[in-house]
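> Pasting a structure below so you can have a look.
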Amino acid sequence: MNKTAAIAVSSLAGIAAIAAIAAATPSRSAVEGLASTAQTATANLRTYKVDKVHTSVIFGIRHQGVTNFYGRFNEIDGEFSFDASNPGGGSFNFTIATNSVDTGNSDRDRHLRQADFFNSRQFPQITFRSTEVRRSGDKFELVGDLSLHGVTKRITAEMDWIGTGSIRGTPAAGFEARFSIKRSDFGMTTYLAADGGEGGGLGNTVNLIVAVEGLAN
């Protein structure tokens, strides 16, 4: 190859390299577009404080192997932020007072607050802190750490995002989450069947429904 041809080839190679770098480098408008999208997604993540008057925490457990018995907690606090178009940016953090357990019978409620069950004196709170939110069909999966009776376990709840609106001029939003735990996983074994099943005095599986209404801060 003569000198002139070599120079031409070298020049073409240089031009091709510059073109490749330019193609791989996002344009200013593209970068600004991505930043705008991110800002929009963040802006949609409004934070809502739990409206205690319109929020329910309900639990169900098998009794004597023949029926499902239900109770509730009357005191829940916390906040959440969520945008259905950007579920991964959501955050859910809640605290429940164990001494607010309510089964419609004062003697039973006193027993549930004692060491046989929730031990409210030593463990006054149940907490949940989300670690991930992801879409699952037309619903969402809410993943996080549940701390109960001195034990923390990772749980996954199915969440139905009900939507957003306005209540007396204040932005509002709400959802319902459902999940199950084994109470023996949290060291609560009183009246548990010998095989850890659903027979005996009280079953091992506890089903929970958390229906939350929140108002914007």
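> P(r) of region 52-199 in 10 Å steps, Cα pairs, percent per bin?
10, 36, 34, 17, 3, 0
> What is the fewest-to-most order of MET188, MET159 by other Cβ atoms lying within 10 Å of their Cβ?
Lowest to highest Cβ neighbour count: MET188, MET159.
> Between ARG121 and ASP145, what is the FRET efficiency for a Förster distance of 30 Å, r being their Cβ-Cβ separation, to the nearest 0.05?
Details: r = 23 Å, r/R0 = 0.76.
Efficiency, from the Cβ-Cβ distance: 0.85.
> Let me have the relative contact order for region 112-176, percent, based on Cα pairs under 8 Å that are six or more residues apart. Working shown, then result.
Details: 100 pairs, mean separation 13.7, N = 65.
Reported as a whole number, the value is 21 percent.
> For the residue pair ARG168 and SER184, what label-to-label distance in nm results when each label sits 7 Å from Cα along the Cα-to-beta-carbon direction?
About 4.8 nm, to one decimal.
> Can you return the aspartates and glutamates within cross-link range of LYS139? Criterion is Cα-Cα under 19 Å, with same-chain partners fewer than 8 residues away left out.
ASP83, GLU158, ASP160, GLU176, GLU213
A short reminder: the numbers here are calculations on the coordinates, not readings from a lab. The structure displayed is predicted, hence computed values, not measured ones. For neighbour counting, all protein chains shown are included, and Cβ atoms are generated from backbone atoms with ideal geometry for every residue, glycine included.
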